[in-house]
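Working notes, beginning with the structure itself.
The values are calculated or read from the model by the stated rules, or taken from the named source; none is laboratory data. What you see is a predicted model; the values in this text were computed from it and never measured. Because the Cβ atoms are built from the backbone with ideal geometry, glycine has one as well, and the counts that use them run over all protein chains shown. Calculation scope for accessible area: heavy atoms of the full protein, side chains included, ligands and nucleic acids excluded. Shrake-Rupley method; radii C 1.70, N 1.55, O 1.52, S 1.80 Å.
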Amino acid sequence: MARTLERPSAGGTPSPPRTTVSELPGRGFQPTPAGWAARAGAVLAPLMVGVWYVRSNAPVRSDALATAAVIAIGALSLNVLVGYTGQISLGHQAFIGIGAFTSAYIISESHQPFLVGVVVALLVGAVQAVVLGLIALRVRGLYFALVTLAWGKVAEQCLFRLKSFTRGGAGAEAPRPSGFTTDKAYLVVCLVGLALILLVDWRLVATKAGRAMQALRESPQVAANYGVDVKGYTLYAFAVAGAYAGVAGALFASRRLTVQSGDFDFAGIALTYLIVTVVGGLRRRGGIVAFSLLYVLGGEYLPDLARAIGVRTIEVNAGYYIQALSAVLAILTLIFQPDGLGTITAPVGRWLRGERFQLAHGGGALGRGGGGDARP
Amino acid sequence: MPVLDGADRRAPAPGPDGDGARRPTAVPVLRADDVSIRFGGLQALTDVSVRVEEFEIVGLIGPNGAGKTTIFNCITGFYRPQRGRILFKGEDVSDLPPHERSALGMGRTFQNVGLVKTETVIDNMLTAQHAAVEYGAVAGTLGSPPTFGAERRLRRQGEAILELLGLARLRDDPVAGLPYGTLKRVEIATALATDPDLLLLDEPGSGMGPEEADRLGDELLALRREFDLTIVMIEHHVPLVVRVCDYVYVLNFGQLLTEGLPGEVQRHPEVVAAYLGDEAPEAEEAAERALEERGVEA
């Protein structure tokens, strides 16, 4: 056995060839001024289309966009659980509904301003989610999915029928903030809400809490070994998801002006939001927002399209067709393109931030089969 | 952490002093006292006591199923022994969960590579610094301004460790897809990122050829100096153990078979019988060569 044995001298460092970080390829790429202009154009053009769309159409169109914003926030809430943390919620109608009824109660029964309603909905949403999280620490996988399913049903059938909380069948009133009562103005409120949630979500993932969640999704052992309190951060993930959902619920309620228990059912909320999350792409917030928009716009324009091509059954039942189509899309996504719309939005996002445009990237979960990934 | 300043270099560990006894200190870095653990009908460990002094490299050897990884799991808190105590830097940590022991300064690698596989190497380095992060989880989530600077410092620290181990070019590579030997090295980098005083390595040389194992030995010695480390390692590669370890514990069937300086242990008749088995002559020979190269009187 031939060997070169050199014990390292004092101050000696390991032998393999050294590369310093600054020498790495890809560092220091700067777009040209034209490149930056193209990026600015790519941001401004859709914004202008959006403004034109809202201004040149009936108010119902801005209401549709507000719906998209609410769905996006709800789906981002699911993304925290399903995407980042590897937990599951099949009872998100409870999350959203509790936010909606709480906000409605605060505004119309306690006569507090809209903003107070949103904040209380956020807190109550977080608390109810943490309670569910405490169960998640004891029951895992399929069994926990069943618990969330049950929680959704309990909320739907019992909690939301408490007359003192939800005003029963008559519905709870949730007036919009003064000055934002029109659909167009309320769309601005929803967009601000979505923007704030997106900012929080960005920082969540970029800092230690997000990293902790992603580590414990894959291996609680590795996470604990890295110093992550597995129980604490599981609960933290539920709290964040519940807070997002509380905001979504509050915005949902004031968009409708009155909410009833029937508004929060499994198929309409929990399943729909889950499908939006999956097709948009787990851990791909851009994709999730994009698909929320597509989902709502699809529902808006499918009847017109069906009328144009003369298929009456689709025209009448457009809502069902959209749901069925999304479900099929979700299945196809899971099989063929686990990153969903994120496959497209993620490279665009990196390009907008000043990197080269390239579809595959070293980071993220793009097409790399890591074990332990909890997809629903 | 000493990586960035590079100034603080401790004297090398107390070497073997020839008569087979170590100079015990009042407060060893690690003490496992009479640790026993049973899984159902299987007595995995029986009254195992281990002592590790500061700046030592201690080897833990024994045949498969001897309980080596089990004692690691007891030390790091993944298992709770039914009997016995774990003392770390003089403090009884027997009741602490793994993440608190990690935060106190226990770094560990796993037999089957403990990395977050869907993430990149640098993201693993950032996650591994979890306990050292100076801001709170909520402040980070809400985007409080100081967290931006803190994140940049974490990244620089992670990159510095990668550079030190010659892994800088892997920075943005996803962990999944790296070859096994590289993963073992990346895992050591992440363990170092947790800023350990005590590093527990579970078969760091597995999957390596003799020359790679040699290089690993050099690296471990250098890392001990660079990071002021105390190291415990489970390792099957006897020449590597003999070369770098100051002291060796031998486990067999969940019990301590013997302990001592690498030179003695490796000649111990029971060790030869229990551990080396039929391969004994060949392995012993290799170990002896390593010992000679080390300059220790055989």
Practice task
Answer with yes or no whether A:Val316 is touching a Leu at 6+ places or on another chain (Cβ under 9 Å), among the aliphatic types (A, V, I, L, M) and either in contact (Cβ under 8 Å) with a residue 60 or more places away in the chain or farther than 29 Å from A:Lys153 by Cβ (or both).
Solution key: no
Exercise for the section: Would you confirm whether any residue within region B:196-214 is within 11 Å of chain A (Cβ to nearest Cβ), within 30 Å of B:Gly263 (Cβ to Cβ), of a type outside the set (Gly, Ala, Ser) and without any contact (Cβ under 8 Å) to a residue 24 or more places away in the chain? Expected result: yes
Exercise for the section: Could you check A:Leu359 against (1) within 14 Å of chain B (Cβ to nearest Cβ); (2) open to solvent by 70 Å² or more (accessible area, probe 1.4 Å); (3) hydrophobic (A, V, I, L, M, F, W, C) and say which number it fails? Expected result: (1)
Practice task
Give region A:219-250 a look and list any residue that's more than 15 Å from the chain's Cα centre (by Cα), in contact (Cβ under 8 Å) with a residue 24 or more places away in the chain and more than 8 Å from every other protein chain (Cβ to nearest Cβ), or say none.
Solution key: A:Lys231, A:Thr234, A:Leu235, A:Ala250
Practice task
Please enumerate the residues belonging to region A:262-277 that are part of a helix (DSSP H, G or I), open to solvent by less than 10 Å² (accessible area, probe 1.4 Å) and over 18 Å from A:Leu65 (Cβ atoms).
Solution key: A:Ile269, A:Ala270, A:Thr277
Fill in the blank from the handout: Those residues of region A:232-261 which are touching a Gly at 6+ places or on another chain (Cβ under 7 Å), under 18 Å from A:Arg167 (Cβ atoms) and open to solvent by less than 10 Å² (accessible area, probe 1.4 Å) amount to A:Gly249, A:Ala250, A:Val259
Exercise for the section: Within region B:64-103, track down each residue that is more than 16 Å from A:Val230 (Cα to Cα), among the aliphatic types (A, V, I, L, M), touching a residue at least 24 places away in the same chain (Cβ under 8 Å) and in contact with a helix residue (DSSP H, G or I) (Cβ under 9 Å, 6 or more places away or on another chain). Expected result: B:Ala66, B:Ile75, B:Ile86
Problem - Test for B:Arg215: is it in contact with a helix residue (DSSP H, G or I) (Cβ under 9 Å, 6 or more places away or on another chain) and open to solvent by 30 Å² or more (accessible area, probe 1.4 Å) - result: no
Problem - Test result for A:Thr182, among the polar types (S, T, N, Q), farther than 24 Å from B:Cys74 by Cα and at pLDDT below 95 - result: yes
Exercise for the section: Please give the number of the condition B:Gly140 fails out of (1) surrounded by 18 or more Cβ atoms within 10 Å (Cβ to Cβ); (2) farther than 16 Å from A:Leu199 by Cα; (3) of a type in the set (Gly, Ala, Ser). Expected result: (2)
Problem - Check on B:Ala222, buried (at least 23 other Cβ atoms within 10 Å of the Cβ) and among the small types (Gly, Ala, Ser) - result: no
Handout entry: Unique residue being crowded, with 20+ Cβ neighbours inside 10 Å and not in a helix (DSSP H, G or I) when the list is A:Gln112, A:Gln87, A:Gln128
Key = A:Gln87
Completion exercise
Of those in region B:101-121 that are in a strand (DSSP E or B) and more than 7 Å from chain A (Cβ to nearest Cβ), the residue surrounded by the fewest Cβ atoms within 10 Å (Cβ to Cβ) is B:Gly107
